[in-house]
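**Q** Below is one structure. I have some questions about it.
Readers should treat all values here as calculations from the given coordinates under stated rules, not as data from a laboratory. All of these numbers come straight from a predicted model, not from anything done at the bench. Don't worry about glycine lacking a Cβ; one is built from the backbone with ideal geometry, like all the others, and counts go over all protein chains shown.
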């Protein structure tokens, strides 16, 4: 098998094409099945690689707007954390994260951080662990 078929970029390109055009793919319903397409130019790997370049270490292919398809202006290499924040089912937005941090900072002394995280998790509909990670700046970094 030629080396280019084992690169991270080629695998990202192939997976993108499969999700959008192979009805038998497990991801098809979330991509091609809801109208997500790949621009015609990117139907060739060399054009995709020319536009996207080599993937920086620790990144994955991500669409900036999840309602739009795969094309140069809508795609970038993102960290797994950035990619996770960009999911359609994500309940949080940057504005909500600002509120979480502001509310947490304004809590009176004597209330444990764990209690604050538990309350914020219920209010914002996410896990307590996710609130901890936000407050520790591990996800949704400022």
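**Q** Using Cα atoms only, what is the angle between the long axis of helix 113-124 and the major principal axis of the chain, expressed in degrees (0 to 90) to the nearest 10?
**A** Approximately 60 degrees, to the nearest ten.
**Q** Could you tell me how many degrees, from 0 to 90 and to the nearest 10, lie between the Cα long axis of helix 94-105 and the main elongation axis, the longest principal axis, of the Cα atoms of the chain?
**A** 30 degrees
**Q** If all Cα-Cα distances of region 21-66 are sorted into 10 Å bins from 0 onward, what percent lands in each bin, rounded to whole numbers?
**A** Per 10 Å bin, starting at zero, the Cα-Cα P(r) for region 21-66 comes out as 22, 46, 32, 1 percent.
**Q** Determine the shape class of region 3-85: with a ≥ b ≥ c the square roots of the Cα gyration tensor eigenvalues, call it rounded for a/c under 1.5, and otherwise prolate if a/b is greater than b/c, oblate otherwise. Intermediate values should be presented prior to the final figure.
**A** Working: a/c = 1.44, a/b = 1.18, b/c = 1.22.
Cα axes put region 3-85 in the rounded bin.
**Q** Beyond 13 Å, what share of the Cα-Cα pairs of region 94-135 remains, rounded to the nearest whole percent? Provide the component values of the computation, followed by the final result.
**A** On the way: 381 of 861 pairs.
Tail fraction, whole percent: 44.
**Q** From the Cα trace of the chain, what convex hull volume per residue do you get, rounded to a whole Å³?
**A** Numbers: hull volume 19.1 nm³, N = 142.
Dividing the Cα hull volume of the chain by its residues yields 134 Å³.
**Q** Rounded to the nearest 0.05, what FRET efficiency do residue 115 and residue 66 give with R0 = 25 Å and r taken as the Cβ-Cβ distance? Could you check?
**A** On the way: r = 34 Å, r/R0 = 1.37.
Approximately 0.15, to the nearest 0.05.
**Q** Would you mind computing, in nm to one decimal, how far apart the modelled labels at residue 105 and residue 40 are, each placed 7 Å from Cα along Cα→Cβ?
**A** According to this spin-label approximation, the distance is 5.1 nm.
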